[in-house]
Amino acid sequence: METQQTIGTIRPEVKTTIDIEVNSRQVVLHQREVTGHDIKAAAIAQGVPIELDFLLYIVDGHGQLEPVNDNQEVTVHEHERFRAVTPDDVSEA
Amino acid sequence: MDQKRVKKEWSLVMDERLYGELRAHLFPDDGDEHGGVIIAGLAETERGIRLLARQFVPARGGVDFVPGKRGYRALAGRFVAEVAGRCADDGLVYLAVHNHGGTDSVQFSHDDMASHLRGYPALLDITHGGPVGALVFAHNAVAGDIWTDDRQRHALHHAQILGLHPHRLYPEPLAVAKFIDPMYERQVRLFGEAGQGLLGDLKVGVIGAGGGGSLLLQMLARLGVGHLVAVDPDRMDITNYPRIVGARRRDIAWGMGTSKNRIIKLLGARLARPKVHVARRVAREANPRVRFDALYGNVVDAAVARHLIDTDFLFLATDTMQSRLMFNALVHQYLIPGIQIGAKVQADPGTGAVDDVFAVTRLVLPNSGCLLCNGAISSAQLQREALSEGERRRQRYIEGEDISEPSVITLNALGASQAMNDFLFISTGLLKPVQVEHILMSPRERTMERVRLQQEPGCPMCSLSPGSLYGCGDRGQLPCRQ
Amino acid sequence: MTPAVQAAVTEVEQSFPGHRLDVTPESQGGAYVIVHDLNLGGRYAPATSWIGFLITFQYPYADVYPHFVQADLKRIDGANLPSGFSGPIAWNGRQALQISRRSNRWTAGVDTAAMKLAKVLNWIRNV
């Protein structure tokens, strides 16, 4: 009886891409489990005009904001919306 | 990049109630700094770009306005994110606000500008292209740094505060030297050269160039208002000739329109002059320097209405409910102070005997209770006016049928003259402390009645209820014919 | 159609699910709307009819009235149609009875074309 053996099978690599929005701009992530820092870094690398120390929020379906800290791991979903802003400083007059 | 936008003057318009809220929050006599956001609409016009202050969102001390990491204080990140999100959802403009000390001049500090550089590109993205910006107020001054989606920055030229006692704020005192025509010497004794200069800079719209409108336009021209816009879709005819100031027989084609000969009658109707052309001639005779836009068309058409969005004052002198709704919308959507005038002769439908005669002048100022709130716009008549003549005939409306109402120049003059004095004293700062009211004059009884105004909290035009037109400018939808 | 008229039509569609709608935009930005197969209650023959109306371009500030139903509507008890009905007249390319129910206090932003249709239908059923 012959036994078929599969030797050195090449499996196609499953590359994850998840499209999200940061400040209304499309950003592509390559993994679902990411930190707030990862999201901001990816956004910056893809041309979103923010900085790493900006505050990050996820925008829920009702427009409410939930903060996402730099070290906080979140599971991102397709078309999820994020908002990154910095406090607006004013000097002493 | 839109080169035209770069060169245009940017200004801010706000009603005095919002300005009062803003001042109370920024200057509570503690000598400290405070902040917030103005949510605004936008009007892009030939005369410049107007930011229309719709709502002030104060930043609560210690919660939304906190010690800054890079500056003395800061609008907190969550506050910025939330309010910017609201602006994005409604298609409106985000303007951060804070105050400095000082009185008649103000400017941003280096730290202020650095903060804008850091944060405003992100806000432009959040608000789908903005504009976004910042305003800094002193007691009697304002400066602005406005960012547009082409990453250009624009300085604010001035802020116009609307109301019964309007005034302007600039970044620093403006030295104004104007030539005042000697022909205004007598009226300059009333409101000064500054007042005359101010009138010369105004652009005023008048919807309706008939009996009431022609009086308004002539008086505006004689006062020295620099730029007039008149809108009317009608031509002269023999029946309005007695009421239109400065009209000549040639304007009504010497009465050919009443000929029993059909061809002469048609020719007469064709040759009769549009009312706005008569008004233009009369205005130019009064003031050769006046700039006069004669719009032979209907304000209900979007292309015509757009000519009025950058006026500084708007008058309504028409009979139709459609134009009344448009006027109300223009006042509140584009933050333009307005006055409506009218005259009515009520006659017994059976006997024709005159019942009541009155003239009305209605002040319609942004955020003071609109014509909708005060029952002056009939939803039934709006519907009727939208029907074709055939539909109206077939559906056999009993009331408001196309019967010409009695009309006479002296009644028109009553309303027009009250309106013009209201306009003059408001514009030149001479109005005493009064309420915004409607004035009803009954000349047969020689009485005058003041009608206090109400403002409905959910009004779709003058309130801040979600989706209302107030202060939306170009971001809103005028109730125009498509 | 203006955005407000479009929204009104959508609301009519959602408020009367399962009923075919004919929508004809008119040149000023309004729309003629006909909702088919509405149950008029037990007093009429036929028992169902289309009801049509014009939403004008200045809606939601303008009232929505009159309404129109098929021209051959009759009371099954043989009585005359009640006051409020008139016609038949020509409407939107067909003969129709006119129902004139003007709102006493139309409030823009609160009253809608869908609500008005529901009120008119209720009136027809109970008059």
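The values are calculated or read from the model by the stated rules, or taken from the named source; none is laboratory data. The structure displayed is predicted, hence computed values, not measured ones. Cβ atoms come from the backbone with ideal geometry, glycine included; neighbour counts cover every protein chain shown.
Before moving on, here are some points about what is shown:
- From the list B:ASP237, B:ASP293, B:ASP251, the one residue that fits, being more than 21 Å from the chain's Cα centre (by Cα) and either closer than 30 Å to B:GLY195 by Cα or in a helix (DSSP H, G or I) (or both), is B:ASP251.
- Taken over the range B:107-127, the criterion of being part of a loop (DSSP other than H, G, I, E, B) and more than 8 Å from chain A (Cβ to nearest Cβ) is satisfied by B:GLN107, B:PHE108, B:THR127.
- Selection count, the range C:45-80, where residues are at the interface with chain B (Cβ under 10 Å from one of its Cβ atoms), more than 20 Å from B:VAL300 (Cβ to Cβ) and of a type in the set (Ser, Thr, Tyr): 1
- B:GLY130 vs. criteria more than 10 Å from chain A (Cβ to nearest Cβ) and either buried (at least 21 other Cβ atoms within 10 Å of the Cβ) or charged (D, E, K, R) (or both): yes
- Subset of the range B:433-467 (residues that are touching a helix residue (DSSP H, G or I) at 6+ places or on another chain (Cβ under 8 Å) and either more than 14 Å from chain C (Cβ to nearest Cβ) or acidic (Asp, Glu) (or both)): B:ILE439, B:MET441, B:PRO443
- Output for the range C:19-38, where each listed residue is touching a residue at least 60 places away in the same chain (Cβ under 8 Å) and either farther than 20 Å from B:ARG384 by Cα or more than 12 Å from the chain's Cα centre (by Cα) (or both): C:THR24, C:VAL35, C:LEU38
- Every residue from the range B:468-482 that is assigned to a loop (DSSP other than H, G, I, E, B) and either more than 14 Å from chain C (Cβ to nearest Cβ) or at positive phi (or both): B:GLY471, B:ASP474
- Residues in the range B:446-464 that are in contact with a strand residue (DSSP E or B) (Cβ under 7 Å, 6 or more places away or on another chain), surrounded by 18 or more Cβ atoms within 10 Å (Cβ to Cβ) and within 17 Å of B:ASP90 (Cβ to Cβ): B:PRO460 alone.
- Enumeration of residues in the range A:54-88 that are surrounded by 12 or more Cβ atoms within 10 Å (Cβ to Cβ), in a loop (DSSP other than H, G, I, E, B) and more than 9 Å from chain B (Cβ to nearest Cβ): A:VAL68, A:ASN69, A:ASP70, A:GLN72, A:VAL76, A:GLU80
- Residue that is surrounded by the fewest Cβ atoms within 10 Å (Cβ to Cβ), among those in the range B:151-168 that are without any contact (Cβ under 8 Å) to a residue 40 or more places away in the chain and over 16 Å from B:GLY195 (Cα atoms): B:ARG151
- Any hit, the range B:416-433, residues being at pLDDT 90 or above, under 30 Å from B:ALA88 (Cα atoms) and in a loop (DSSP other than H, G, I, E, B): no
- Any hit, the range B:42-53, residues being over 19 Å from B:ASN367 (Cα atoms) and within 12 Å of chain A (Cβ to nearest Cβ): no
- Scanning the range B:46-82 for residues that are in contact (Cβ under 8 Å) with a residue 40 or more places away in the chain and part of a strand (DSSP E or B) turns up B:GLY48, B:ILE49, B:ARG50, B:LEU51, B:LEU52, B:ALA53, B:ARG54, B:GLN55, B:PHE56, B:ARG73, B:ALA74, B:LEU75.
- In the set (1) closer than 19 Å to B:ASP149 by Cβ; (2) within 14 Å of another protein chain (Cβ to nearest Cβ), the condition left unmet by B:ASP32 is number (1).
- Checking each residue in the range C:79-127 for being polar (S, T, N, Q), out of contact with any helix residue (DSSP H, G or I) (no Cβ under 9 Å at 6 or more places or on another chain) and part of a loop (DSSP other than H, G, I, E, B) picks out C:ASN80, C:ASN92, C:ASN104.
- Residue match in the range B:333-352 (condition: closer than 13 Å to B:ILE207 by Cα and either out of contact with any strand residue (DSSP E or B) (no Cβ under 6 Å at 6 or more places or on another chain) or of a type in the set (Lys, Arg) (or both)): no
- Of the residues making up the range B:133-150, those that are within 11 Å of chain A (Cβ to nearest Cβ) and either surrounded by fewer than 24 Cβ atoms within 10 Å (Cβ to Cβ) or over 14 Å from A:ASP88 (Cβ atoms) (or both) number 2.
- Scan of the range B:27-38 for residues that are of a type outside the set (Asp, Glu) and surrounded by fewer than 23 Cβ atoms within 10 Å (Cβ to Cβ), ordered by number: B:PHE27, B:PRO28, B:GLY31, B:HIS34
- Those strands (runs of 3 or more DSSP E) of the range B:303-366 in which at least 3 residues are surrounded by fewer than 24 Cβ atoms within 10 Å (Cβ to Cβ), considering only elements entirely within it, cover B:338-347, B:354-364.
- Exactly one residue among B:THR410, B:THR428 is over 30 Å from C:GLY84 (Cα atoms), more than 14 Å from every other protein chain (Cβ to nearest Cβ), in contact (Cβ under 8 Å) with a residue 24 or more places away in the chain and crowded, with 19+ Cβ neighbours inside 10 Å, and that residue is B:THR428.
- Test: B:ALA283 is farther than 30 Å from B:SER379 by Cβ, under 20 Å from the mean Cα position of the chain (by Cα) and of a type in the set (Gly, Ala, Ser): no
So that you can scan it fast, the table gives a plain yes or no per residue for (1) more than 9 Å from chain A (Cβ to nearest Cβ); (2) surrounded by 18 or more Cβ atoms within 10 Å (Cβ to Cβ); (3) of a type in the set (A, V, I, L, M, F, W, C):
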{"position": "B:LYS69", "(1), (2), (3)": "no, no, no"}
{"position": "B:LEU75", "(1), (2), (3)": "no, yes, yes"}
{"position": "B:GLY85", "(1), (2), (3)": "no, yes, no"}
{"position": "B:VAL93", "(1), (2), (3)": "yes, yes, yes"}
{"position": "B:GLY102", "(1), (2), (3)": "no, no, no"}
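- Meets criteria (among the acidic types (Asp, Glu) and at pLDDT 95 or above) for C:ASP77: no
- Boolean, B:VAL276 is among the aliphatic types (A, V, I, L, M), part of a helix (DSSP H, G or I) and modelled with pLDDT of 95 or more: yes
- Among the residues making up the range C:90-109, those that are at the interface with another protein chain (Cβ under 7 Å from one of its Cβ atoms) and at negative phi are C:ALA90, C:GLN98, C:ARG102, C:SER103, C:TRP106, C:ALA108.
- Selection of the range C:6-30 for residues being touching a Ser or Thr at 6+ places or on another chain (Cβ under 8 Å) and either of a type in the set (Asp, Glu) or crowded, with 22+ Cβ neighbours inside 10 Å (or both) yields C:ALA8, C:GLU11, C:GLY29, C:GLY30.
- Test: B:SER109 is touching a Ser or Thr at 6+ places or on another chain (Cβ under 9 Å), over 30 Å from B:GLY338 (Cα atoms) and surrounded by 22 or more Cβ atoms within 10 Å (Cβ to Cβ): no
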